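> My questions all concern the structure below.
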Amino acid sequence: MNSNTILIVDDEPKVRLLLKRCLESDGFNVIEAEDEARTLEAISAHDVKLITLDVNLGGENGLQIAKRIRQNSNIPIIMITGRDDVIDRVVGLEVGADDYITKPFHVREVLARVGSVLRRTGSVEVAAKTVPEAPDTHIAAEDFEEGVIFDGMTAYLDRFELLDRDSALVEMTSGDFRMLAVFLRNPKKILSRDRIMDLLHGTEGSPVDRTIDNQVAKLRKKIERDPAAPVLIKTVRGVGYMLATNVKPSGK
């Protein structure tokens, strides 16, 4: 059995079922609890790597449960609530939660956040979702001004120009270039949707999952030989995306 066990704590069976199917489809072992007593029993009986915890558990307070868990354990906790309440978010983080998701949520967001928290806390084996570190290319800021080459194309990010494999100018929007720049500055690195959002906008927050996916899909149409079978920007299932090619200064 997969040792990467996640505990779902929610008093709504439908929500537990949705999360269970979502996480199991990504290879996790899932156990469930609907109240504090069963939550503490599950933590004691299983090697739990992460907990998704609903703020509202019938007559119980999920924030208080998180506080009690944190008194004796450092298991990562992702709080889930139906209220987009800033106070709940702040209190949740203050009692030790590692992240926050608001209902209704998209299953892709859940997988992205679970993967992000597990990697950040080092709580789980993620070897299957990582790749060897790419050699350090030492691309400096001035190299991007001079232009960089990837898969036969040349990008001049300072002037928003991309030349295709035949040296023809590719029609790109500023949004296309911002997304391209994120990948060119992070070649062969797996980037979660959260991380891409941070790099695009320089702020933390919940990305609109489909927005990132749609932007990547648009960029693929501009740079992939076959957008339907992308080989440059690869999808890393349950995590995010990766630029799977080398990037080097055009003058070297």
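> Given a Förster radius of 30 Å and the C-beta distance between residue 108 and residue 41 as r, what FRET efficiency does 1/(1 + (r/R0)^6) yield to the nearest 0.05?
Step by step, r from the Cβ atoms, then E = 0.45.
> Could you pull out every residue, at least 5 positions away or on a different chain, whose amide H is within less than 5 Å of the one on residue 189? Hs are placed 1.01 Å off N in the peptide plane, and Pro or chain starts have none.
Residues meeting the criterion, in which the H sits 1.01 Å from N, are 243.
> Taking a ≥ b ≥ c as the square roots of the eigenvalues of the Cα gyration tensor of the range 141-249, is the shape rounded (a/c under 1.5), prolate (a/b larger than b/c) or oblate?
Prolate, because a/c is 1.5 or more and a/b exceeds b/c.
> Any chance you could run the full-extension gain for residue 72 through residue 17? It's 0.36 nm times the residue separation minus the Cα-Cα distance, nm to one decimal. Let's see the in-between values first.
Details: separation 55, 0.36 × 55 = 19.80 nm, distance 2.79 nm.
Extra length available between residue 72 and residue 17 comes to 17.0 nm.
> Indicate the gyration tensor shape class of the range 9-77 (rounded, prolate or oblate), computed on the Cα atoms with a ≥ b ≥ c the square roots of the eigenvalues: a/c under 1.5 is rounded; otherwise a/b larger than b/c is prolate and the rest oblate.
Here the range 9-77 falls in the oblate category.
> For the range 225-232, in order, what is each residue's ³J(HN,Hα) by Karplus, 6.51 cos²θ - 1.76 cosθ + 1.60 with θ = phi - 60°, in whole Hz (x at glycine and Pro)?
5, 9, x, 6, 9, x, 10, 8
> Here is a follow-up. What spacing in nm lies between the two simple spin-label points modelled at residue 151 and residue 164, each 7 Å away from Cα in the Cβ direction?
Inter-label distance under the simple model: 1.3 nm.
Since every read-out is calculated from the coordinates, none of them should be taken as a lab result. Predicted model only: the values in this text are computed from it and were never measured. Glycine also receives a Cβ, built like all others from the backbone with ideal geometry; neighbour counts cover every protein chain displayed.
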